[in-house]
Amino acid sequence: MSGLKMDVEAFFRRAKRFYQVWKDPSLSSYPQELSSMDAFLCVVGQDEDTVYAKSVSWQTWLVGYELTDTLMLFTEGAVLCLASKKKIEFLRALESPPPAYEGHVPPVRLLIRDKADNDRKNFDKVLEAIRESKQGATLGIFVKDQKFPGTLPTAWRAFWDKEKGSIASQDVTNALAYCMAPKEETELAATKKAAGVTSEVFSKFLKEQIMDIIDQDKSVKHSKLSEGVEKAIVDKKYGQNVDTSLLESCYPPILQSGGNYKLKFSVVSDKENVHFGAIICAFGARYKSYCSNIVRTMLVDPSDEIQKTYEFLVSLEEHILSKLKDGAVLGKIYDSVVSMVKSDKPQLMSGLTKNFGFAMGIEFREAALSIAKDSQVKAKKGMVFNINIGFSGLTNKSSGDTKGKNIALFVGDTVLVGEGAPATLLTPSKKKIKNIAIFLKDADSSEEEKENKNTRGVDHESFGRGKRSAVLDQKLRQDTTAEEKRKAHQRELMQKMNEEALRRIKSGGDTQEKVKVRKAPVSYKSPGQLPRESEVKQLKIYVDKKYETIILPIFGIPTPFHIATIKNISTSVEGDFTYLRINFFHPGASIGKEGGGSFAYNPEAIFLKELTYRSTNVREPGEISAPSSNLNTAFRLIKDIQKKYKTREAEQKEMADLVEQDTLVISTNKGNPKLKDLYIRPNIVQKRLSGVLEAHGNGFRYTSIRGDKIDVLYNNIKHAFFHPCDGEMIILLHFHLRNAILFGKKKHTDVQFYTEVGEITTDLGKHQHMHDRDDLAAEQAERELRHKLKQAFRSFCDKVAQVTKDDLEFDVPFRELGFHGVPFRETVLLQPTGTSLVNLTSWPPFVITLEDIQLVHFERVQFQLKNFDMVFIFKDYNKKVMMVTTIPMTMLDHVKEWLNSVDIKYTEGVQSLNWPKIMKTIVDDPEGFFESGGWSFLDPDSDGEEEDDEEDSEDEEFRMSGSASDEAFDESEEDYSSEVSEESFSEEELDSDESSGKDWSDLEREAAEDDRYDDTSEVPPRSSKEKSKHRSSPSKKHRSSDKSASSSHGGKRDHRDRGGRDRGGRDRDRHSDKRKREGSSSSKHHKTPKKSRR
């Protein structure tokens, strides 16, 4: 129990509600149960098979946890708790109630179990307290839980049967169920998360599974599908931003089809295969003990009558939601639905469900709060209901088999009761007929349609599998591909982003901050402060450490210069002289990273650029030291003072923009959330120190073993992250701050607390074997350590959320959405969270808030490259852009999909851009930038068609300058590039000398032939293509002369043809076949010349 913490305020807040209803039973819908009750007893035993019990629900509602073998007695004057020593220590905080509840809730008395006398003395105290409460005549109990197994319940029952005397028992189950039904904010948050998981599992898992089963005509059992749903509920894929270790199924998921329907939640999925008729799906997720539920009916080829009945059923559920408001009587809601069915479709009354839902919370079903006949219970704001309504015994006349004739329809949702408005739907998964109906197409029916209606085109499905294809109307409406949807969404984002940015700039949102200019330093405020040292009188260089001033003799006058005016100094020895050169800051001088010289000077001031002093190294007789010693001493002292001054200025600069933090409110409660043995990053000192992180009233305090204290306040935390140790060697908590804090003499906006979970370094010299017992034991120990650390950190996060009332929640990165990149110096795994993109395991950390991002641009996006870069442009254009480089090209679509899902506009390009220059242009004239199109210049939809036109025009010019054989060559090239069938190639085209389609074997053979001609001193004639390149003009006269020249060398051409490509029909056929194969594949060789001419 040491890792758990009691929420004292929640206990007394809820106990106060109970005592108010007890004192005034009229507040309850079951006043008769409370009016006669003198005390109330709740005993919880041990029973792992029991999922829902009112005793456990009551205890969980008050305490937050299930405490086995625990007795709680509520009397008029005290609250008694009897449990083991560990549980009493956990409950010890209840002895100190918050001041606001004093007088409303009686004091809490804790009794530790005594197994020596089988708790006889403790039971006597409990019995005495019962008799002293009010009349002491009636004890309120949960009747159904009287046979709760366990040592304490068994011993109590034996004692009570013997000693109760005249004390009567009163069942108060319904009254306390009504007391617990209105949910608080923390309870609603857990319920909403559970309902969100339920909707996700149905929409993204179960619905897709059923469609896949129908589409591929699979045989899958109901029980198998039910097991898949149960596993999906605890899958991180569907439980984003939810701790999946706290998720479970409310009940075994129910799948029913094939004519066997029971519209109840106590049914178990049978082992029959899913039938393609009406498929009823019912399941619910439970998060932090709070339940949710969803019921949907998937219809396969429903008739028109069934579709109308289903639409009527959905309208009935909507009618229930409209009537379910604060103060509504549940029985009247039931009557209004029944009257609606009787008036519109009376034939369905016989198959209508007996009730239309019930209240839900820690228990899945509150039978006392059902929407049923004659129920006088009033709905209250904050109650959560499981609305479910259905018809059974329906007949689907269009079904071709007996199992599909008898069907049932069932729909249900988790809803929240509001005040003065219809109930809010917490499971918004779509349920209209167009979203759940599946229509099948058979090959036979498509053939008949084709014969009857000749106007229709070819039915491509008849050439496919020939069986069924499950098609939702929703899918048909979304016929576009995912890429097209993404592009459409990105176009909308671009327009919206430009409009918002222009609106923000016009309203003055991007005003550049003015740089604070410091006053010029003053050495001496009056002449009286000048030093009276002998060096000054002797016109030597004197360094005044007190006022950080150097007094330099200029034209025989000692002149003071503050150390801030000196840029740098240098000394050198040349022959018998030493030189000291002093450079000063002046207008036009470059300012270093220290920022020296950025002072507000008098515009009429006169500046010195540099001074050089020379002094001899020769010591005259009678002199103690050479004159140059003054320069050497001055050089050393100036360096020392300059170093101290720069250090002090840097510290002041660090402190200049620090925001003063609130004072940490120390909580003296011993049960504060605490984590021990944590290291901090960045380090406080050079050596790594461990310490303790503890949560207090308004912030965290980290105390190192050396005694250093670092406070991080809740209101200064912009993002809080919990990074589990899955796939990592450390587990950590990371805080990204709004305003920097100062420790270790530096400002920090990121603070991290971590611990190691294994050996980060491995001794490779150690001989190891995979079955070595020591290694196996070490691995098992590491697994156990990881599990314990994850539990400890997760418990700490939950407790902090309770302390802050969910104002501070820890975000967990989604590892499955991560991608590798280089934000700083090394490749790391960047992982998205609900609010940010982070890498926390490497230092420095990388944290970008998604809300601050204006645009993401991808650079170097080319298919021949293996990596691309990612540039983040922020909404604050004065902020420097951030870049992540070397992201694998295979992750491009993955990153685009993620950015599109979080509504962030992205663009891409093939080049790296000069972002400082671009951002400076935008900042100089932001309105002009956006009025001229804004960020649209980065859009990839640029001049693709114009480039194609240019290529075509170049090709036409090339043809105009060519001969007839060139035209044949170009025609064949076009045929190759357009990938037409092999019948389009003629023998004349194949004979043309084209170099664009040659493969390596052709090129090697021609090279060998050229070598042979070189050996025989014969020059092979050029092809017509080569000749066309050397022609001076494209006139007919030149072309005819070329032809005659070609014919005069006929012997050589015949010789080349025989030895080259045209050796006979056999070679021609072989090359023709090769070209056919190339044309039927990618035709990449034929596209190369077109690119080269571009």
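Computed quantities for the displayed model
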| quantity | calculated |
| --- | --- |
| Amide hydrogen neighbours beyond the local backbone of LEU732, cut-off 5 Å, H modeled | HIS723 |
| Taking segment 185-438 and dividing mean pair separation by its residue count, relative contact order in percent (alpha carbons under 8 Å, at least six apart) | 22 |
| Derived scalar couplings ³J(HN,Hα) [segment 178-187; Karplus, 6.51 cos²θ - 1.76 cosθ + 1.60; whole Hz; x for Gly, Pro] | 5, 5, 7, 5, x, 8, 7, 4, 5, 5 |
| Sequence-distant residues sharing a close amide H with ILE438 (under 5 Å, placed H) | LEU299, VAL300, ASP301 |
| Carbon + sulfur, % of accessible area of segment 8-180 - ligands and nucleic acids excluded, 1.4 Å | 48 |
| Value of Rg to Rh for segment 185-438 (Rh from inverse mean 1/r over Cα pairs, i.e. Kirkwood) | 0.95 |
| Segment 625-713: GluC sites (Glu not before Pro) in DSSP loop, at most 16 other beta carbons within 10 Å | GLU660 |
| Spin-label model distance (nm) - GLU185 vs ALA520, 7 Å beyond Cα toward Cβ | 5.7 |
| Carbon + sulfur, % of accessible area of segment 819-938 - ligands and nucleic acids excluded, 1.4 Å | 52 |
| Order by protection proxy (mean Cβ within 10 Å, highest first), peptides 64-77, 521-534 | 64-77, 521-534 |
| Under-5 Å amide H pairs with LYS381, H placed in peptide plane, nonlocal only | GLY327 |
| Peptide ranges 129-142, 326-339, 191-204 listed from the most packed, as the mean C-beta count within 10 angstrom indicates | 191-204, 129-142, 326-339 |
| In Å², nearest 10: area of LYS87 left accessible to a 1.4 Å probe | 40 |
| Long pairs among LYS237/LYS271; LYS85/LYS805; LYS879/LYS920, criterion Cα-Cα beyond 20 Å | LYS237/LYS271; LYS85/LYS805 |
| Share, in percent, of DSSP beta bridges within segment 8-180 that are antiparallel, nearest 5 | 45 |
| Note, ³J(HN,Hα) from phi for segment 782-793, Karplus 6.51, -1.76, 1.60, rounded to Hz, x at Gly and Pro | 5, 4, 5, 5, 4, 5, 5, 5, 4, 5, 5, 5 |
| Accessible surface, 1.4 Å probe, highest first, among residues VAL659, VAL8 | VAL659, VAL8 |
| Across LYS224/LYS262; LYS125/LYS674; LYS332/LYS430; LYS183/LYS431; LYS540/LYS653; LYS646/LYS674, pairs whose alpha-carbon gap is larger than 30 Å | LYS125/LYS674; LYS540/LYS653; LYS646/LYS674 |
| Backbone HN-Hα couplings from phi across segment 234-241 [Karplus 6.51/-1.76/1.60, Hz, Gly and Pro as x] | 9, 7, 4, 4, 9, x, 5, 6 |
| Whole-percent carbon and sulfur share, accessible surface of segment 185-438, 1.4 Å | 48 |
| Size of charge dipole - segment 185-438 - debye, nearest 20, with Cβ of Lys, Arg +1 and Asp, Glu -1, no other charges | 240 |
| Top positive-direction residue, dipole computed over segment 185-438 with Cβ charges, set CYS250, ALA328, LEU409 | ALA328 |
| When each of LYS86/LYS670; LYS485/LYS866; LYS115/LYS144 is checked by Cα-Cα distance, pairs over 20 Å | LYS485/LYS866; LYS115/LYS144 |
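The values are calculated or read from the model by the stated rules, or taken from the named source; none is laboratory data. Everything quoted here is computed from the prediction, not taken from an experiment. Here the Cβ is made from the backbone with ideal geometry for all residues, glycine too, and neighbour counts use every protein chain on show. Each accessible area value is taken on the protein alone, full model and side chains, heavy atoms only, with ligands, DNA and RNA left out. Shrake-Rupley method; radii C 1.70, N 1.55, O 1.52, S 1.80 Å.
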